[in-house]
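First the structure, in the form of structure tokens, and then the observations on it.
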Amino acid sequence: MTDNRERERGAVVFVLERDEKEREAMREIIARAGCAVVPLPSVENAITLLAHKASCDLVVLAVDVLNGDAGLYDRLLSARTPRPDVIMYGVDSGSRLVLHGLNSGAADFLAKPVADEELIRAVENLAFKDRDVSKASSDVRAIYASSHITGWIELTAASELEQFRRLQRFSDALFEARLPHNVRDDLKMAVEEVGRNAMEWGNHFDPDKRVHISYCLFDDRIVIKVEDEGEGFVPANVPDPTVNPLQTMRDRASAGKRPGGYGVFLIQKLMDDIFYSEKGNSVILVKYLPQKTDGDAGVEG
């Protein structure tokens, strides 16, 4: 139960969801985070309230309330200055509307159905941030998406742990909707390892440096490219930690590194093809997909 003092300090969250039962369920879950929740059935309702200077720190937006209209999303963002953060949620993370939303500054995407804990964590990360942060600093937190070439999705994010978690959630949602479960699991582990290494070792968690993750799903394979803005490394110079695990732990500790060192070799096991750039600051991962037979009804769940 949230007391009045918590509500007074808590953020105001608009929940935009067309389905009345789901809207009420979202309201109850988000209220557990200590937020004052305003459930709304349409984007127009939110635009009207924002235009009249209603208090709003965060919008949780079901993609289907946009009715396929990217312009409606833009109107929502421009209804008030400063604009509230937006969490989008839906079934297809790679849809045109989701990419448009992320590219326009949406802070996060959650896959439907959303687990209670995941929703609360995402809301807390945004609703209780420093509300005096300048818009310029707020824009640094945004994940930008683009699809300049048909079939390719590129995400760009600052090198911060919370940004990394958002990239993970987006990747998980993308894989969940489109790939067989065994392929999904391998890709999730590979992207987690490569993406974190890009932020940690490549960019040294410098928020002014970006990590770029691109995806392309073909009929027979998925191709992922991860690139950081660091100095790169030589994969051949990375010692095999499986030869002498204890010595590897000691060497990493003496170098001030966290336990690990298995990432390069784990990725080799998970992926079918791996290509590093000459500089060593980008890698292309290739995973071949199981070929469907005539009896297959669709993608395995």
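The values are calculated or read from the model by the stated rules, or taken from the named source; none is laboratory data. Just so we're clear, the structure is a prediction, and the values are computed from it rather than from any experiment. When we count neighbours, we look across all protein chains shown, and the Cβ atoms used for this are built from the backbone with ideal geometry, even at glycine.
Residue check: is Leu40 under 30 Å from His212 (Cβ atoms) and of a type in the set (A, V, I, L, M)? No. Considering only residues in segment 20-38 that are in contact (Cβ under 8 Å) with a residue 12 or more places away in the chain and over 24 Å from the mean Cα position of the chain (by Cα), the one that is nearest to Leu102 (Cα to Cα) turns out to be Val38. Of all residues in segment 189-202, exactly one satisfies the criterion of being over 18 Å from the mean Cα position of the chain (by Cα) and modelled with pLDDT of 90 or more, namely Gly202. A single member of Val191, Val183 is closer than 17 Å to Leu102 by Cβ and assigned to a helix (DSSP H, G or I), and it is Val191. Summed over segment 55-108, the residues that are under 14 Å from Asn45 (Cα atoms), aliphatic (A, V, I, L, M) and outside any strand (DSSP E or B) give a count of 6. Annotation: of all residues in segment 44-89 being in contact (Cβ under 8 Å) with a residue 60 or more places away in the chain and hydrophobic (A, V, I, L, M, F, W, C), the one that is farthest from Gly10 (Cα to Cα) is Val60.
Selection within segment 117-159: residues that are closer than 30 Å to Ala25 by Cα, hydrophobic (A, V, I, L, M, F, W, C) and modelled with pLDDT of 85 or more. The member of this set that is surrounded by the fewest Cβ atoms within 10 Å (Cβ to Cβ) is Ile120. Among the residues that make up segment 167-177, is at least one of them farther than 22 Å from Val123 by Cβ and either out of contact with any Phe, Trp or Tyr (no Cβ under 7 Å at 6 or more places or on another chain) or outside the structural domain of Gln291 (by TED's automatic domain parsing) (or both)? The answer is yes, given that some residue of segment 167-177 is farther than 22 Å from Val123 by Cβ and either out of contact with any Phe, Trp or Tyr (no Cβ under 7 Å at 6 or more places or on another chain) or outside the structural domain of Gln291 (by TED's automatic domain parsing) (or both). Modelled with pLDDT under 75, closer than 24 Å to Asp185 by Cβ, of a type in the set (A, V, I, L, M) and in the same structural domain as Ile153 (by TED's automatic domain parsing), is that true of Ala297? Yes: the conditions hold for Ala297. Cβ-Cβ contacts under 6 Å between residues 6 or more apart (or on different chains), taken from a first residue in segment 150-172 that is more than 17 Å from Ser282 (Cβ to Cβ) to a second residue that is modelled with pLDDT under 80, are listed as Ala158/Val140; Arg166/Ile143; Phe170/Ser93. Exactly one residue out of Val43, Val12, Val59, Val38 is β-branched (Val, Ile, Thr) and closer than 24 Å to Thr156 by Cα: that is Val59. Checked against the criterion of being surrounded by fewer than 18 Cβ atoms within 10 Å (Cβ to Cβ) and assigned by TED's automatic domain parsing to the domain that holds Leu49, the candidates Ser93, Ser78 yield just one match: Ser78. Within segment 120-135, residues that are under 23 Å from Thr81 (Cβ atoms) sit with their Cβ atoms under 9 Å from residues that are in a helix (DSSP H, G or I) and at pLDDT 75 or above, at 6+ positions apart or across chains, in these pairs: Val123/Ile29; Val123/Ile30; Asn125/Glu162; Asn125/Arg165; Asn125/Arg166; Ala127/Ile30. Does at least one position in segment 73-86 carry a residue that is at pLDDT 90 or above, within 15 Å of the chain's Cα centre (by Cα) and not hydroxyl-bearing (Ser, Thr, Tyr)? Scanning segment 73-86, I find at least one residue that is at pLDDT 90 or above, within 15 Å of the chain's Cα centre (by Cα) and not hydroxyl-bearing (Ser, Thr, Tyr), so the answer is yes.
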